[in-house]
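Worksheet: the structure to be examined is printed underneath.
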Amino acid sequence: MSNCDTCESTDCTSKAQREDENSEQFRERQEIARRMCKIKHKIAVISGKGGVGKSTVAVNLAVSLSIMGNKVGLMDVDIHGPSIPTMINLKETSVRSDENGIYPLEMGNLKIISVGYLLGHADDPVIFRGPRKMGLIKQFIKDVEWGELDYLIIDTPPGTGDEGLSIAQMIESMSGAVIVTTPQEVSGADVRKSINFCKQLNLKPLGIIENMAGFVCPNCSEIHPIFGEGGGQKIADKFSIPLLGSIPLDPNIRVSGDDGKPFIYHYAKTETAKTMKAVIDSIETIVAG
Ligand code: ADP
């Protein structure tokens, strides 16, 4: 049975019906709503800037939820640095498509699609600008045929610019956003911008993840708080948003990303993976509640 059969929400179509039913925009929104209402929880992973571990969180969140038995989709819309194909070791560039849309790649009950698959060679610079870039993002969101899912994890472009904004606007029924930051930027403007971005879009901030918090020494396994401690909690308290947890800077996370072996699975026995798992479990609890 489709979720639509039991869905009492009037949002999907009634919002769209207020627009001109003949317009291209209306048809696009209807098409997106038709696909998205088969997905129970849609979570955006966002960050104020690049390089803070947003894609790392998105991959490990998706893999962990799928290992727990959920049907999960992972959508990489980070148009400037689509790193998911590398992190998950699915670098093939050709995806199947037909009149029903573009089909994600599948690994067990995890479905994956990256905007990188539509951009050609991985080493080519991404030179899309303005309307062309937006057009590609829109087509991507509209055309991917996910089927029914428990979770869709969306790896968004870094920052709070137009790209992230239009992604969140296109997918109306989002569960919320996980904000990834690092101890260096935790007191800076970037996190505040991410929180305001959520407010502006009526996107529920599910919580903050403080990534690269302290260094796990490969020799003694102790965590050294190189950039200080407590910043994540302070900002969480200030904005009344949960701190989902602090993930240390662990060389194995970088290695697993480069090797295409998701950390949460391949390094499951390590202390860092247990910390990461606790963070992921708290996201699941917040979304389910
Ligand atoms: P973003 O998506 O924010 O640009 P990435 O997830 O691509 O960031 O991470 C940037 C780099 O940092 C990658 O090489 C990744 O493997 C590494 N990285 C992310 N988090 C950690 C961590 N906690 N410890 C060590 N390396 C990390």
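The values are calculated or read from the model by the stated rules, or taken from the named source; none is laboratory data. The model shown is predicted, which means the values in this text are computed figures rather than measured ones. Neighbour counts run over all protein chains shown; Cβ positions are idealised from the backbone, glycine included. The accessibility values were calculated without ligands, DNA or RNA, using every heavy atom of the protein model including side chains. Shrake-Rupley method; radii C 1.70, N 1.55, O 1.52, S 1.80 Å.
Exactly one residue out of Glu284, Glu185 is surrounded by fewer than 22 Cβ atoms within 10 Å (Cβ to Cβ) and in a helix (DSSP H, G or I): that is Glu284.
Among the residues of segment 146-169, write down those that are more than 16 Å from the ligand (Cβ to nearest atom), closer than 15 Å to Gln200 by Cβ and surrounded by fewer than 19 Cβ atoms within 10 Å (Cβ to Cβ).
Residues of segment 146-169 more than 16 Å from the ligand (Cβ to nearest atom): 146-152, 162, 165-166, 168-169.
When the remaining residues are screened for being closer than 15 Å to Gln200 by Cβ, the result is 162, 165-166, 168-169.
Result: Asp162, Leu165, Ser166, Gln169.
Would you call Val77 within 9 Å of the ligand (Cβ to nearest atom) and open to solvent by less than 30 Å² (accessible area, probe 1.4 Å)? Here the answer is no, as Val77 does not meet what is asked. Within this structure, Ile208 passes the test of being within 16 Å of the ligand (Cβ to nearest atom) and either under 26 Å from Ser166 (Cα atoms) or among the small types (Gly, Ala, Ser) (or both).
Which helices (runs of 4 or more DSSP H) does segment 1-108 wholly contain that include 2 or more residues that are modelled with pLDDT under 85? Talk me through it step by step, then tell me what you get.
Details: elements: 3-6, 11-17, 24-36, 54-67, 84-87.
Counting at least 2 such residues, we get 3-6, 11-17, 24-36.
Name the residue that is nearest to Val279 (Cα to Cα), counting only residues in segment 188-216 that are in a loop (DSSP other than H, G, I, E, B) and modelled with pLDDT of 85 or more. Within segment 188-216, the match that is nearest to Val279 (Cα to Cα) is Lys204.
Every residue, every condition in (1) modelled with pLDDT under 85; (2) more than 13 Å from the ligand (Cβ to nearest atom); (3) assigned by TED's automatic domain parsing to the domain that holds Pro183; (4) in contact with a strand residue (DSSP E or B) (Cβ under 6 Å, 6 or more places away or on another chain), yes or no:
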| position | (1), (2), (3), (4) |
| --- | --- |
| Ser221 | yes, yes, yes, no |
| Phe227 | yes, no, yes, no |
| Lys234 | no, yes, yes, no |
| Phe239 | no, yes, yes, no |
| Pro242 | no, yes, yes, yes |
| Ile247 | no, no, yes, yes |
| Ile253 | no, no, yes, no |
| Gly257 | no, no, yes, no |
| Gly260 | no, no, yes, no |
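Reported count of residues in segment 255-278, each being under 30 Å from Asn196 (Cα atoms) and open to solvent by 30 Å² or more (accessible area, probe 1.4 Å), is 3.
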